[in-house]
Amino acid sequence: MKQEGKVTSLDKAQHIAAITTMNKQLETVRREYQVKDRNSQITAATVILTS
């Protein structure tokens, strides 16, 4: 693939900055998902117990 020009190294400062920013955003989304999932499980358990 490298010989065909299909490989690009992402080792420049701008690439690293973009990767760092993306990782921070993904971590935030991951945490929000975990909180929503946990709350959903708690709600489901409560509905089952009170039904």
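The values are calculated or read from the model by the stated rules, or taken from the named source; none is laboratory data. Source: prediction; values computed, not measured. In this analysis, Cβ positions are derived from the backbone assuming ideal geometry, glycine residues included, and neighbour counts consider all displayed protein chains. Keep in mind that these areas ignore ligands, DNA and RNA; they rest on the heavy atoms of the full protein, side chains included. Shrake-Rupley method; radii C 1.70, N 1.55, O 1.52, S 1.80 Å.
Per-structure values
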| quantity | calculated |
| --- | --- |
| Where the chain is the region considered: accessible area per residue in Å², 1.4 Å probe | 98 |
| Zero-based 5 Å bins, Cα pair distances in the chain, whole percents | 4, 17, 11, 11, 11, 10, 9, 7, 7, 6, 4, 3, 1 |
| Helix-only mean residue ellipticity at 222 nm for the chain, each DSSP H run of n ≥ 4 adding -39500 (n - 2.57), per residue, nearest 500 | -27500 deg cm²/dmol |
| Dipole moment magnitude, nearest 20 debye, the chain about Cα centre, only Lys, Arg, Asp, Glu C-beta charged | 60 |
| Accessible surface, 1.4 Å probe, highest first, among residues Glu27, Glu32 | Glu32, Glu27 |
| Accessible surface of the chain [probe 1.4 Å, protein heavy atoms]: carbon and sulfur percent | 57 |
